[in-house]
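**Student:** First, the structure itself, so that you have it in front of you.
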Amino acid sequence: MVTKAIIPVAGWGTRRLPITKSIEKCMLPVGNRPVVDFIVQDCIEAGITDIYFVVSEHSEQVRDYYRSNIDLNDYLKRTGKTDLLDMVRPPRVSLHYVVQSSYGKYGTAIPPSLVFRELAEGESVVIVGGDDFIYNPGGTSAVKRLIDAAEGVDGALYGARVEGDISRYGVLALDGTLCKGIVEKPTPGSEPSRLINISQYVLSYEAMRIIYDYAKTEQSGEYYITDVVNEYIVNGGKLRAVEIEGTYLDCGTVEGWLAANRIVMGDS
């Protein structure tokens with residue numbers, strides 16, 4: 001049973017400057033909620049009991065959002081607005097904050113490596129981004145679908161079907177329902193499938209150990225989780241590839257964030 005999730009939210013959000021100078025990227029609103037809350041609520045629906053936010057040393061807003069605000073609670077009670085208390089109550093899940101130094105190693109493999117020691121031996125974990133999510137109102141939790149897909153194999157990862165040019169993405173190579181590799185930025189016409197990697201995973205303890213060991217090595221440049229995933233598959237690890245249900249919303253760019261707001265608010 002998978003009960004832990006890792007949500008990396010430590011980035012500076014340089015693609016969203018200047019607004020991310022004062023608002024953490026994962027806290028930008030989609031409708032009336034921060035982006036990251038869509039992921040948190042989906043994790044809770046999937047049965048996750050422990051969420052590990054990997055935050056920067058400067059981060060305060062995620063903590064503030066999810067902690068109880070005694071003054072606000074008191075105000076709502078005094079003014080007869082008790083119906084709003086549920087809206088601001090902290091989620092019924094254990095939240096943990098792991099700091100990633102902005103001066104240290106960087107890349108998508110670093111956040112999960114910092115959480116590895118929190119896992120019990122043999123325990124699998126969910127990894128989901130903090131500024132993108134799968135929007136499927138009324139459907140099954142996206143995280144639960146991924147957890148269920150990992151049953152009987154070593155893990156799972158999501159792919160989103162994209163029309164048009166996908167040469168700027170990592171693209172899933174498939175062998176039936178299994179992923180046989182992630183091809184980064186394939187040349188047009190050589191794409192192994194139409195499913196792009198959206199960096200949402202269920203990974204085994206063994207895969208997480210490889211990530212941890214990889215992050216301890218010294219190298220220049222970024223540490224990519226896809227390098228570890230590909231190595232794990234080459235060495236016999238079996239990851240099921242799952243096509244998303246619903247709409248993949250990437251809020252990491254202004255255009256993607258605006259599109260997410262149009263879609264979510266259009267359904268409200």
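Values in this text are rule-based calculations from the coordinates and carry no lab data. Because the structure is a prediction, the values reported are computed rather than measured. Cβ placement follows ideal geometry from the backbone for every residue including glycine, while neighbour counts extend to all protein chains displayed.
**Student:** For the chain, what is the mean residue ellipticity at 222 nm derived from helices alone (per DSSP H run of n ≥ 4: -39500 (n - 2.57); sum divided by total residues; nearest 500 deg cm²/dmol)? Could the numbers behind the result be given before it?
**Tutor:** Numbers: 9 runs with 79 residues, N = 268.
That calculation yields -8000 deg cm²/dmol at 222 nm.
**Student:** Can you figure out the FRET efficiency of residue 190 with residue 259, using R₀ = 41 Å and their beta-carbon distance, to the nearest 0.05?
**Tutor:** Numbers: r = 28 Å, r/R0 = 0.68.
For residue 190 and residue 259, the calculated efficiency is 0.90.
**Student:** Right, another one. Based on a Kirkwood Rh over C-alpha pairs, give the Stokes-Einstein translational diffusion coefficient of the stretch 27-118 at 20 °C and viscosity 1.002 mPa s in µm²/s. Don't skip to the end; give the middle numbers.
**Tutor:** On the way: Rh = 15.1 Å.
Rounded to a whole number, D works out at 142 µm²/s.
**Student:** I would also like to ask the following. Compute the FRET efficiency between residue 235 and residue 101 as 1/(1 + (r/R0)^6), taking r as their Cβ-Cβ distance and R0 = 45 Å, and round to the nearest 0.05. Each step should come with its number before you reach the end.
**Tutor:** Numbers: r = 30 Å, r/R0 = 0.67.
Computed FRET efficiency for residue 235 and residue 101 comes out at 0.90.
**Student:** Is the shape of the stretch 4-266 best called rounded, prolate or oblate, per the rule: a/c under 1.5 gives rounded, else a/b larger than b/c gives prolate, else oblate, with a ≥ b ≥ c the square roots of the Cα gyration tensor eigenvalues?
**Tutor:** Numbers: a/c = 1.62, a/b = 1.47, b/c = 1.10.
Cα axes put the stretch 4-266 in the prolate bin.
**Student:** Using a cut-off of 24 Å between alpha-carbon atoms, which lysines can reach residue 216, once sequence neighbours fewer than 8 places away in the same chain are excluded?
**Tutor:** Candidates past the 8-residue exclusion: 4, 105.
**Student:** At R0 = 41 Å, how high is the FRET efficiency between residue 75 and residue 267 if r is their beta carbon distance? Nearest 0.05 is fine. Write out the running numbers ahead of the final one.
**Tutor:** Values: r = 31 Å, r/R0 = 0.75.
Efficiency computed from Cβ-Cβ geometry: 0.85.
**Student:** Right, another one. Please sort 64-77, 210-223, 193-206 by packing, taking for each peptide the average over its residues of neighbouring beta carbons within 10 angstrom, highest first.
**Tutor:** Numbers: 64-77: 12.3, 210-223: 13.9, 193-206: 21.1.
Most protected by this proxy first, the peptides run 193-206, 210-223, 64-77.
**Student:** As a footprinting exposure proxy, order 257, 12 by other Cβ within 10 Å, with the fewest listed first.
**Tutor:** Numbers: 257 22, 12 14.
Taking fewest neighbouring Cβ atoms as first place, the list is 12, 257.
**Student:** Same structure, new question: In whole Å, how far is the Cα centre of the stretch 123-194 from that of the stretch 1-55?
**Tutor:** Measuring centre to centre over Cα atoms gives 19 Å.
**Student:** Let me ask something additional. Between residue 12 and residue 162, what length comes free when the chain is fully extended (0.36 nm per residue of separation minus the Cα-Cα distance, one decimal in nm)?
**Tutor:** Values: separation 150, 0.36 × 150 = 54.00 nm, distance 2.71 nm.
Value of the extension gain: 51.3 nm.
**Student:** I would also like to ask the following. Please arrange 254, 54 by how many other C-beta atoms lie within 10 Å of their C-beta, fewest to most. Before the final figure, lay out each step's value.
**Tutor:** Working: 254 12, 54 24.
Listed from fewest to most nearby Cβ atoms, that is 254, 54.
**Student:** If you rank 185, 4 by fewest surrounding Cβ atoms within 10 Å, what's the result? Walk me through the numbers before you get to the answer.
**Tutor:** Numbers: 185 11, 4 21.
Listed from fewest to most nearby Cβ atoms, that is 185, 4.
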